[in-house]
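This report concerns only the one structure given below.
The values are calculated or read from the model by the stated rules, or taken from the named source; none is laboratory data. It should be emphasised that the depicted structure is a prediction, and the values quoted were computed from it without experimental measurement. Reconstructed Cβ throughout: ideal geometry from the backbone, glycine too, with neighbour counts over all protein chains shown. Accessible surface is based on the protein model in full, side chains and every heavy atom, while ligands, DNA and RNA are left aside. Shrake-Rupley method; radii C 1.70, N 1.55, O 1.52, S 1.80 Å.
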Amino acid sequence: MMISDQRFCPLLFLLFSFSTVFGSDQPWQSIGPVTQVKKLSNGVELQAGKAAIRVTATSNSIIRVRVAPGGVFPADRSWAILPEALPEAPRVNVVDSPRAVEFSIASGAVRVQKSPLHVHFLDVAGKLLESDARPIAFSGAAFRIWKQLPSDEHFYGLGDKAGPIDRRDEAFTMWNTDMYGWQESTDPLYKDIPFFLTMRKGISYGVFLDNAYRSSFDFGRSERDTYSFGAEGGELNYYFFFGPEPKKVLQSYAALVGHVPLPPLWTLGFQQSRYSYFPESRVREIANTFRERKVPLDVIYLDIDYQKDYAPFTIDTEKFPNFQGMIRDLGQQGFKVILITDLHIKKQTGYKPYDEGMAQDNFVKAADNSVFVGKVWPGDSVFPDFTLERVRRWWGTLYKDFLGMGVGGFWNDMNEPAVFERADKTMPLDNRHRTDWGVTLPHTAVHNVFGMENARATYEGLLRLRPNERPFVLTRAAYAGAQRYAASWTGDNTSSWNHLRMMTPNLLNLGLSGYPLVGADIGGFAGSPPPDLLTRWIEVGVFTPIYRDHTTKGTADQEPWVHGPEHEAIRRRYIELRYRLLPYIYTGVEQTTRTGIPLMRPVFLEYPQDERFYTEQDTAFLDEYLFGRDLLIAPRVTEMLDPLQIDIPPGSWYDYWTGEKVQGGSVKLTPALDSLPVFVRGGAIIPQQPVVQYTAQKPEGPLQLRVYPGEECEGSLYLDDGISFAYRKGDYLRIKLSCEQSVGAVKVKIAPPEGRFSPWWNQVEVTVYGINERPSQVIAGGNPVSNWKFDTATHSVAATIANPTTGTEIGISYPAQ
């Protein structure tokens, strides 16, 4: 039976989950009632027959549940959780009664009912948030947990999953899989992150199953009133995150598994790729054409055809006779080159990575302790044992020559790991992986973290080789915590309207899974998009974290200028918009590195009380989303010409293109091909810049602050050198922005800058929207401003002032409206 069949038949899914996935035909044995209670400083340890259960507080918003069916807890190790993320646990007061044992933390309480053994989580008012539906059960090494499912609960997360953003009524398997041409019913995919958060009546909580074995989650697919999750092996160990706001849940989870590091600025520009650009002359032609046509671009990717016989870390000198010179010349034109470096090593004597790896005993072993050999792109290949630190350090050394040439970043593909000529598409589950804590694990225990450890090896290796420069790694496979090392994308999608539509929920759920720096192949990987589809995709791609156009072999050209001058002009304008918005985007990404809140986010993350944004009504997908707190994006993602119904969040909003003010509610639009509906929150201050052709080019003109008066009128701007770690030592610029609106007046405040980084601008252009009458005066720092203009079409006033190095206030007075 194909794994994807799980999504269609509840009975088959139950049989699959409980037998095939968990590899056991033993009956399920439920944990019996509590027979003994031992109070701990931060929780309680319970005895239930042979089983031991620990329920402890790890912070004032997180409860941890561990169960050892044999009574002995294994060593406390995690692939995902950072040790420093668990500071000293809070002390709690455990109350033991005949029927239950209970304790509270600042965000809520946990109550363990003794017979039958059920775990309940309650909010600060004592209202039930989440509760076991039946006792936890084991079947051999497998376990499962069943929870009560209210009829109006909604679920989000689990990483890389197809289909609607809401996981309710669906079931999923967590097993990283190479899945070319996946569709909305395909499961599993490339990344599996066993974390989810819920929404119900404006209240949220989250659950993280810290278990890297194959696991499964059923959100009411099999039983209408029950959701469940479990794994085929490993420890029963999960964390419960109190809200009540979904932002708080996500922040707590991100603090536990780690934040994305601040990426190089150039990675936020436009990126162009295909499988593959070759020979060298074609790569140079692509680069020159972008510059000649003045379509901004920062990155060109090279897929596996730059390599000799597809062997990683080699160069095909026939296709690329002057590879190092090409890297140098592209760098002088402002391009960064990202090279693919798959994790498999060609099995060939005389090939340096193979010889070194064999001499150092660095490769994964088969069950008989021989080196495992599998077929991938180079043919017979071996696989580094990334679960060993010494192997990860060795892998990192393989990048030395490429970095010496000036290569910008690296792309770790095929790292689920993918293996050809096998029905399961991966290495045998009884392969052996060594670890630094002296335990050898079967592949079934390591499979889901193998790609993450590959990305980790690359990231840490680049740091050692180039310690003063931020690495950029792109990975296809991931597990919880992989965001610490690499950005990612949604794998081998197709050039279809359906995949354009699926991009939004997929990327949103990755962000809600703690993985914020993600993108999809613009235009689709498999197939050739018709002109309108590619144009629409390039438009909405502006508002995704990673903005990469990519396609496969045998497809039509997919660069922005294909399909003629009309499409080229539209696409150029939107790519230019991406570069105009870089100050806003970079500021938002920097905030993400500190908070875990993704730049691309569902509307309910900011408006949890508005049920329109987490109850999918007439459609299986909610297509609109927020890009940062302040921009609402409502893309056209179907061929249908019916008007778009756009739900505007509460408060005042502005049309980004026209400046027209709109109120929260529903509007209907029929956007033309060159129009992507974008709305700005009333109260936003959006920093922008003049267009550049690449991020390292200095903008010519003033910094632009677009001010949209409204409630909570505020914004910020962050800037640094975009490439080094000097910002950690104070070499950055952070400016807080705010505004106040009263009858007939608007005041815009630019606070004194923090940090010592010098900006590129020496002037600031402040544009205030929502003004329908010509101002009587404009002042800055108490002095009249003469060079201002009033635009009746956009209802705005623009004034240019010298860069206020110590802060200033701009005041606009106009007749009362």
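One table, with the values for the structure above:
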| quantity | calculated |
| --- | --- |
| Cα-Cα over 22 Å, subset of LYS336/LYS425; LYS346/LYS425; LYS308/LYS553; LYS347/LYS425 | LYS336/LYS425 |
| The chain: relative contact order as a whole-number percent, Cα under 8 Å and 6+ apart | 10 |
| Two-site FRET efficiency, ASP436 against GLU245, from Cβ-Cβ distance with R₀ of 60 Å, rounded to 0.05 | 0.95 |
| Ranked by how many other beta carbons lie within 10 Å on average, peptides 152-163, 342-353 from highest | 152-163, 342-353 |
| Radius 14 Å from Cβ of ASP96, net charge of other residues (Lys, Arg +1; Asp, Glu -1) | +3 |
| Of LYS191/LYS375; LYS698/LYS729; LYS161/LYS248; LYS294/LYS749, pairs whose Cα-Cα distance is over 31 Å | LYS294/LYS749 |
| Whichever aspartates and glutamates have a C-alpha closer than 16 Å to that of LYS147, once near sequence neighbours (fewer than 8 apart) are set aside | GLU130, ASP132, ASP169, GLU170, ASP218, GLU223, ASP225 |
| Solvent-accessible area, 1.4 Å probe, carbon plus sulfur percent, for the chain | 49 |
| FRET efficiency, 1/(1 + (r/R0)^6) with R0 41 Å, evaluated for GLN697 and ASN772 via beta carbons | 0.65 |
| Gain in span if fully extended, ARG393 to SER151, counting 0.36 nm per residue against the direct Cα distance | 82.1 nm |
| Cβ-derived FRET efficiency at R0 35 Å, GLU660 paired with LYS294, nearest 0.05 | 0.70 |
| Rounded to whole Hz, the Karplus (6.51, -1.76, 1.60) HN-Hα couplings of the range 490-501, x for glycine and proline | 8, x, 7, 7, 10, 7, 9, 4, 4, 6, 4, 5 |
| Phi to ³J(HN,Hα) by Karplus 6.51 cos²θ - 1.76 cosθ + 1.60 over the range 29-40, Hz, x for Gly, Pro | 10, 6, 5, x, x, 5, 10, 8, 10, 10, 7, 10 |
| Qualifying aspartates and glutamates (Cα of each under 19 Å from Cα of LYS38; at least 8 residues distant if same chain) | ASP96, GLU102 |
| Matching label, Cα extents along the principal axes in Å computed from the structure shown, candidates (1) 82, 70, 53; (2) 105, 62, 59; (3) 108, 63, 54 | (1) |
| Separation of the ASN787 and ALA751 label points, Cα + 7 Å toward Cβ, nm | 2.9 |
| Projected-area mean, the range 675-716, by convex hull of Cα positions, square nanometres | 4.2 |
| Per residue convex hull volume, Cα atoms of the range 49-124, in Å³ | 110 |
| Most to least packed among 221-231, 737-747 [average Cβ atoms within 10 Å] | 221-231, 737-747 |
| Per-residue ³J(HN,Hα) for the range 314-322, Karplus 6.51 cos²θ - 1.76 cosθ + 1.60, θ = phi - 60°, Hz, x for Gly and Pro | 10, 10, 7, 6, 6, 6, 10, x, 9 |
| Per residue accessible area of the chain, 1.4 Å probe, in Å² | 36 |
| Per-residue SASA entry for TRP657, accessible area with 1.4 Å probe, Å² rounded to 10 | 90 |
| Distance between modelled label sites at ARG99 and ASP610, nm, 7 Å Cα→Cβ extension | 4.2 |
| Inter-probe distance in nm under a simple model that places probes 7 Å from Cα toward Cβ, at LYS400 and SER185 | 5.3 |
| Fraction of antiparallel bridges per DSSP, the chain only, in percent to nearest 5 | 80 |
| Quotient of C-alpha Rg and 2.2 N^0.38 Å, computed over the range 337-439 | 1.09 |
| The range 149-301: Cα Rg divided by the 2.2 N^0.38 Å rule of thumb | 1.38 |
| Rg to Rh quotient for the range 33-166, alpha carbon positions, Kirkwood Rh | 0.97 |
